1. Against the longest principal axis of the chain, how steep is helix 594-606, in degrees 0 to 90 to the nearest 10, with axes from Cα atoms?
2. For a quick protection proxy, order the peptides 348-358, 495-505 by their average other-Cβ count within 10 Å, most packed first.
3. Label-point separation (nm) for Asp166 and Lys343, each offset 7 Å from Cα along Cα-to-Cβ?
4. For segment 110-338, with only Lys/Arg (+1) and Asp/Glu (-1) charged at the beta-carbon, what is the dipole magnitude about the Cα centre, in debye rounded to 20?
5. On alpha-carbon atoms, Rg over Rh for segment 534-597 using Kirkwood Rh?
6. Would you mind calculating the relative contact order of the chain from Cα pairs under 8 angstrom and at least 6 residues apart, reporting the percent as a whole number?
7. Taking segment 518-637, how much of its Cα-Cα pair set, in percent, is spaced more than 26 angstrom apart?
8. State in Å² the accessible area per residue of the chain; use a 1.4 Å probe, count heavy atoms of protein chains only, and round to the nearest integer.
Amino acid sequence: MKILIGQKNCLKKYSKYMKKKIQLSNSEKKALNELKSLSIQIKKYNDAYHKYDKPIISDHKFDELIKKNNELEKKFPYLRLKTSPNEYVGSKVLNKFSKINHKLPMLSLGNAFNENDLIEFIKRIKKFLKNEKIILEFSCEPKIDGLSINLTYKEGVLISAATRGDGLIGENVTENIKTIKNIPQKINTNNFPSLIEIRGEIFLEKKDFILLNSKLDDKEKFSNPRNAAAGSIRQLDINITKARPLKFVTHGVGFISKEYLSLKKLYNDMSLWGFAPSKYLKFSTKLKEMLRYHSDLNLKRSLINYDIDGIVFKLNDIELQKRLGFVGKNPRWAIAYKFESVKAFTKINSIDLQIGRTGAITPVARLEPVNIGGVVVSNATLHNFDEINNKDIRENDIVEIQRAGDVIPQILRVSKKLSKRNKAYKHPVNCPICDSILIKDEDGVIYRCLNYYKCKAQIIERLIHFVSKKAFNIDGMGEQQIKLFWNRKFIKNASDIFNIDKFKNEIIELEGWGKLSYNNLINNIEKSKSINIEKFIYALGIRFVGETTSQILSKYFDSIESLIKSAKNIKELEDIDGLGPKVIKSISEFIDNKDNIDEIRKIASNCQVIKRKEKFTKSIFNNKTVIFTGKLNEMSREEAKKRALDLGAKIASSISKNTDYLIYGENAGSKLNKAKELKISTLSEKKWLSMI
Ligand SMILES: [Zn+2]
């Protein structure tokens, strides 16, 4: 037991008490009982929060209990219990995990949902490689539904383990990972790379999942093995992780300081190093075989002792993988062919309307909760009102629901036999929040509230978007907090978030808050202020400007001011490769509005906006603006663009005085003439190939 510093004068009394040589007074007895009760309560609440990620008491109330406990311990130090919260509440328990940068990003795979998607995937590869006849070999392995992990080994020693996180930065769970028996901490073989990131999945076997859940209270139970694995790894108390029979299976590498030509050879070596890939791993060059592999494992699924949700196919040839690279966040050379989702019947209790940040109205079915494949489902998306009409969906209907992966469940059909039918559903005429008349989009499917700047629902959705993970990523600020602060008039615009400390006292007094929560929030807001320009652009919530477009824009504008200026000169936006007319119109309309500009500047003045790191290459094309035109013979247009980007170039779509090089293939038309007129360097395909 620890003795609090500065209270050594109590030592005598304390040791006498411990030896039961002194009699406790009534007030001391009362204090002791209270301390006992507090320690039990605090432990329960602390566990709920940290072990199970399910708080059952507000931070404020928790703070009060801690305060009470500390007051008593201060008054009667010799009564401090072995189970005192101060033995564990403190830096260790309250600290979150530290962060780790992955050496190479942990990207996600594109999905295939049917045979045709897989065929298209292979076609796309051949088209990119401009080689229809090439024989491609793929690895086939089951996709385990677990927690992705990145293990870094340096000189044969496990130096860190991190969760996927946002793909670039994960949580440091090294100590927890070390408790997993089939993850080697040291590798002594000669040919082990000096630096390597081993990627794989942490999972629980089905029987272990059921056993674990049977020991937990209803409130603590995990909805599926994946959550259980994640919950078991993200434990600040390593002993809990240790007690859970977690397993690891590898499915590849990130950074590796050694060249491999094929996945086959890599997997082979990995097995020798002690990282066994799936025992179902196979290689195939035939589509038929790959499809059979998929259907075979789908049938065997219930017999395999862990959850799998599809098959991953990866190109075996690593040189080709490098050529293909990535599109957005997904590699072009791998795909996850998902198993068919799970279905169930349930009742629609009501059809609610959701209003998005751009005013789109989406109907949502509130369902009688139903367990589909281990997950309790209580909402299903209805996409739009046409879908309701086409499927003739009505409130109170019994419907068949389908759930696929993490996607919001869908309604497949109405069972007219089982349903007692209500009146047909009528789509709304007015916005349910601001009462504006709803207008159908040009595509004739989506209804929209056009009251963009005044509709409360849209404003709040935009604020939620602003703080969300892919935008400013303010931990502890989500839908609930935004709504609360908005209703209390603490925030009106996004920029107000950075001045929330004006309401310090009011926030601390709020139900469920307190000093600790307030300070955490302020710290998190402070952290968010240093932000990459692409996330800043994304956070603005401009219609059609998602992650990919924000990334594209960030390559062309190195400051928020230069983006603002571009709206006055649409030509500049039109020159950027990858922006369509709808996007350009939306951006320029948004920035043409004075209130928007003021708000953008206010936000920017509170932040440190980080320029995109220029990729520096020694290539002549580094930082040059390049345009391709005409038909290329040696390389697909897509691969040519990728190569240019890899060399640090920017790709434009129309010629201007800012263009540095025009690379032309066969039948190059007006662009080539215009380039010559403007005295821009032109390169034939052959010349270009000789330069890269
Ligand atoms: Zn509205």
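1. Long axis of 594-606 versus the principal axis of the chain: about 50 degrees.
2. 348-358, 495-505
3. 4.0 nm
4. About 520 debye.
5. Rg/Rh: 0.89.
6. Relative CO of the chain lands at 10 percent.
7. Beyond 26 Å sits 30 percent of the P(r) for segment 518-637.
8. Each residue of the chain exposes 54 Å² on average to a 1.4 Å probe.
The values are calculated or read from the model by the stated rules, or taken from the named source; none is laboratory data. Note that the coordinates shown come from a computational prediction; the quantities given were computed from them, not determined experimentally. Cβ sites come from the backbone with ideal geometry, for glycine too, and all protein chains shown count toward neighbours. Note: accessible area is taken over every heavy atom of the protein model, side chains too, but ligands, DNA and RNA are not part of it. Shrake-Rupley method; radii C 1.70, N 1.55, O 1.52, S 1.80 Å.
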